[in-house]
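The values are calculated or read from the model by the stated rules, or taken from the named source; none is laboratory data. These numbers were taken from a predicted model, which means no experiment stands behind them. Cβ placement follows ideal geometry from the backbone for every residue including glycine, while neighbour counts extend to all protein chains displayed. The area values use the complete protein model at the heavy-atom level, side chains included, leaving out ligands, DNA and RNA. Shrake-Rupley method; radii C 1.70, N 1.55, O 1.52, S 1.80 Å.
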Amino acid sequence: MTSLSFVSDPVSLDKPALRRRIRRARQALSTSYRLQAMRAIARHASRLLKRGKRVGAYLAAGSELNLEVLMSAALWRGAEVYLPQIPRRGRRLWFSRVGAADRWYLHPRYRIAEYDGPALRAERLDVLFVPLLAIDDDGYRMGQGGGFYDTTLAFRQRARQFGKPLLVGVAYDCQRVECVPREAWDVRLDYLLTESGLRRLPLSPLCR
């Protein structure tokens with residue numbers, strides 16, 4: 001595994017430039033490194049994948065960290081796995097339970113794979129593994145810019161406290177930055193899961 005590095009220059013304050021920089025860093029990772037990371041995060045997250053737990057995950061797109069091994073481990077341990085469904089209107093995601101039947105389809109607009117199973121809102125999950133493009137040590141994430149997770153997790157921002165679901169950001173170490181540009185609606189994550197381990201994020205912001 002490579003050593004941890006942070007983005008700490010003025011580029012980190014420019015969202016488009018930061019997105020480009022992190023994408024380049026992530027795309028530069030070798031296939032063997034990605035496979036090692038995929039297995040490592042499943043090991044690090046094992047204590048969150050308990051029998052009967054409702055676990056929200058995602059299907060990796062592009063160079064995102066792949067959760068296939070993690071999801072397989074969750075199902076083997078008796079947890080329920082849910083994947084996001086994009087609604088026809090609005091940006092608040094549903095999460096559909098994955099089953100044994102072949103009920104996959106492509107979203108008509110975004111052309112991404114989704115599963116047609118019993119669906120629920122994020123509030124009813126126990127753990128939600130959240131995709132991201134960049135994250136800082138305070139637990140603030142920067143996504144792709146679509147706003148789906150910001151809208152979906154707005155209830156946590158209003159509550160201003162930890163609760164269900166446990167929000168776990170998933171990223172390679174190279175996606176960690178010193179301070180993510182922030183908006184009033186941003187939701188802080190509870191944990192960060194990378195190839196280096198699973199770490200609890202601070203209760204109070206450190207970066208100003």
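Being among the charged types (D, E, K, R), in contact with a Phe, Trp or Tyr (Cβ under 7 Å, 6 or more places away or on another chain), in contact (Cβ under 8 Å) with a residue 24 or more places away in the chain and outside any strand (DSSP E or B) is the filter here, so list the residues in the stretch 88-120 that pass it.
Selection gives 91 alone.
Of everything in the stretch 145-162 that's modelled with pLDDT under 85 and under 22 Å from residue 65 (Cα atoms), which residue is least open to solvent (accessible area, probe 1.4 Å)?
Restricting to residues being modelled with pLDDT under 85 and under 22 Å from residue 65 (Cα atoms), the top hit is 146.
List every residue pair whose Cβ atoms sit under 7 Å apart, with the two residues 6 or more apart in sequence or on different chains, where the first one lies in the stretch 125-139 and is farther than 17 Å from residue 66 by Cβ and the second, anywhere, is assigned to a loop (DSSP other than H, G, I, E, B) and among the small types (Gly, Ala, Ser).
Partner pairs satisfying both residue conditions: 135/171.
Report yes if some residue within the stretch 116-124 is among the basic types (Lys, Arg), out of contact with any Lys or Arg (no Cβ under 7 Å at 6 or more places or on another chain) and more than 30 Å from residue 180 (Cβ to Cβ); otherwise report no.
No; the residues of the stretch 116-124 include none that is among the basic types (Lys, Arg), out of contact with any Lys or Arg (no Cβ under 7 Å at 6 or more places or on another chain) and more than 30 Å from residue 180 (Cβ to Cβ).
What residue, of 90, 62, is closer than 16 Å to residue 131 by Cα and modelled with pLDDT under 95?
62
Give the residue that is most open to solvent (accessible area, probe 1.4 Å), with candidates limited to residues of the stretch 110-122 that are among the charged types (D, E, K, R) and modelled with pLDDT of 95 or more.
116
Restricting to the stretch 4-19, name every residue that is of a type in the set (A, V, I, L, M), assigned to a helix (DSSP H, G or I) and modelled with pLDDT under 50.
The answer is 11, and nothing else.
Quick check on residue 70: is it in a helix (DSSP H, G or I), open to solvent by 70 Å² or more (accessible area, probe 1.4 Å) and at pLDDT 95 or above?
no
Only one of these conditions is not met by residue 44: (1) in contact (Cβ under 8 Å) with a residue 60 or more places away in the chain; (2) closer than 24 Å to residue 154 by Cα; (3) not hydrophobic (A, V, I, L, M, F, W, C). Which number is it?
Of the numbered conditions (1) in contact (Cβ under 8 Å) with a residue 60 or more places away in the chain; (2) closer than 24 Å to residue 154 by Cα; (3) not hydrophobic (A, V, I, L, M, F, W, C), the odd one out for residue 44 is (2).
With respect to residue 22, is the statement that it is at pLDDT 95 or above and surrounded by 19 or more Cβ atoms within 10 Å (Cβ to Cβ) true? Steps first, answer last, please.
Working: at pLDDT 95 or above: yes; surrounded by 19 or more Cβ atoms within 10 Å (Cβ to Cβ): yes.
Against the criterion (at pLDDT 95 or above and surrounded by 19 or more Cβ atoms within 10 Å (Cβ to Cβ)), residue 22 qualifies.
Taking the condition of being open to solvent by 90 Å² or more (accessible area, probe 1.4 Å) and in contact with a helix residue (DSSP H, G or I) (Cβ under 6 Å, 6 or more places away or on another chain), how many residues in the stretch 76-91 meet it?
Matching residues across the stretch 76-91 total 1.
Mind listing whichever residues of the stretch 163-193 are open to solvent by 10 Å² or more (accessible area, probe 1.4 Å) and part of a strand (DSSP E or B)?
Within the stretch 163-193, 166, 176, 191 meet the criteria.
Could you figure out which of (1) open to solvent by less than 40 Å² (accessible area, probe 1.4 Å); (2) modelled with pLDDT of 95 or more isn't true of residue 107?
(2)
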